[in-house]
Amino acid sequence: MKKFLVVMVVLALVGLGSIAFAADVTVGGSLQIRSRDFNDMTFYTNQNFKNQVDTQERIIMNINAKAGDDVKGKISLWQDFYDWGSNLGASGASTPVDSNMGTGFGSSTAGVAADTFGFREAWISFNVPGIPVNLTAGHQLLQLGDGWFFRAMHFGADAWVVANVTGANTVAFVDVKASEGSVAVNHDDVDGYVLLDVLKLDDNNTIGGNLADIHLGTGNDLYNLGLNYAGKLGPLNLKAQADFQGGQNKNVLPGNPQPKYQGYEIAIKGNVMMDAVTINFLLGAGSGKKDTDTSPNVKTFVTLLDIDPHYTFLYEYKISTAAKAAHTGLANTEVISVGAMFAAAKSVQIGADIYFLMATEKVNNALTEAGAGSPSSDIGTEIDAHVNWKIYDNLSWNWDLGYFMPGGVYKDANGNGKDAAYGIQGILAFNF
């Protein structure tokens, strides 16, 4: 793996020399050192993997090429965070899957290897001659709206994006290939088809809508209607998103019920800047399903998200949520959050957020030796602290600290609550 990385970098640099006369080429990248210490993530009493302590490194090389005003492309080669002492990825890595689409909804692992080497981005974009249409094809970073339903911003996704920009309005069609089955079979893949529209109301406000069909094989289609807003209302910067899901899984054994998708979510977040202080907030809720509900229908909001934090630093990022998996966004979760960031110095910002978390529908997710307790709507409370240090223009060292106090959702069959989970993560990043 290490030799292969060197060969790829050399070939990329040689390639730059050969195309320099045909296109404008820029090379950049990033080196990031990540230090982590997480404790009691599983709430088991005796488990070696409940703690996670490591130092990791990420290497990114970006090559951007532009030929005139109508053609451009990008290659982003990277070694994602690998553990120090693993000989730069000598352990190998499987093909990354950036969302839960490829591994079944609600998968906590999402098919992602902890150590991934490959191409984060590799795409071509051009304006079609004679008509106001742009086509972008290849492996690219994508999300819908504010990213509460679909977000592939970590590893990216393979897709075609066809867009028409007319004045202040943009219409686009997106074809995402999340998982390829047998090339000899037409309907065993995981595909996403999206039609979206974004309208710029003025310089500060945009509204949008999208309709997605997530095709999970023959007869299994999840439909998601998304509405979103992003803008500025006086001193308030505001983003809002709502999603409503339908569809049905008809690909079931004869005689069994055919589950229908019935999820929904809404998220509103914003911030107000006041001199050296920025106040921020989040209100969100996603549908869920009670433990006692025997209906075959999928009532929990289905999310197709990457493996990065989406709001909380611990609950949704490192812990099995009230939707009983990690990286599930607002699925079966209601959240009220308020926080602030303070410019303590020219180069240092400090702040904190507090999250009050409730399950939309009562469940129990106590992964303990004593077994699950009674269903509850009390997920718990989380406090996250942040320290961002901009050492130089291209060098930063940012830290996140989290403390999650679990509620009744995590109580065991004996009625015992679990100890708090806590963690700290720092990323030293040099961008060039």
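Taken together, the values in this text are just the output of simple stated rules run on the coordinates, not laboratory data. All values derive from a computational prediction rather than experimental measurement. Please note: Cβ atoms are built from the backbone with ideal geometry, for glycine as well, and neighbour counts cover all protein chains shown.
The table that follows gives values for the structure above.
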{"quantity": "Pairs of alpha carbons in region 304-369 whose separation is greater than 14 Å (percent)", "calculated": "64"}
{"quantity": "Shape call, region 114-247: gyration tensor on alpha carbons, a/c limit 1.5", "calculated": "prolate"}
{"quantity": "Residues 279, 383, 354, 214 arranged by fewest to most Cβ contacts within 10 Å", "calculated": "354, 279, 383, 214"}
{"quantity": "Filtered trypsin sites (Lys or Arg not before Pro), region 337-394: DSSP coil and at most 13 other beta carbons within 10 Å", "calculated": "346"}
{"quantity": "Which of 76, 30, 320 has the fewest Cβ neighbours within 10 Å, and the rest in rising order", "calculated": "30, 320, 76"}
{"quantity": "Inter-label distance for residue 392 and residue 253, nm, one decimal - labels placed 7 Å from Cα along Cα-to-Cβ", "calculated": "6.4"}
{"quantity": "Net charge dipole size for region 247-369 [Lys, Arg +1 and Asp, Glu -1 on Cβ; Debye, nearest 20]", "calculated": "320"}
{"quantity": "Residue 291 versus residue 346: modelled label distance in nm, points set 7 Å from Cα along the beta carbon direction", "calculated": "5.6"}
{"quantity": "Spin-label pair residue 374/residue 431, simplified geometry with 7 Å Cα→Cβ offset, distance in nm", "calculated": "5.0"}
{"quantity": "For region 251-329, Kirkwood radius (reciprocal of mean inverse C-alpha pair distance, Å)", "calculated": "15.2"}
{"quantity": "When each of 200/232; 74/232; 239/411; 66/232 is checked by Cα-Cα distance, pairs over 23 Å", "calculated": "74/232; 239/411; 66/232"}
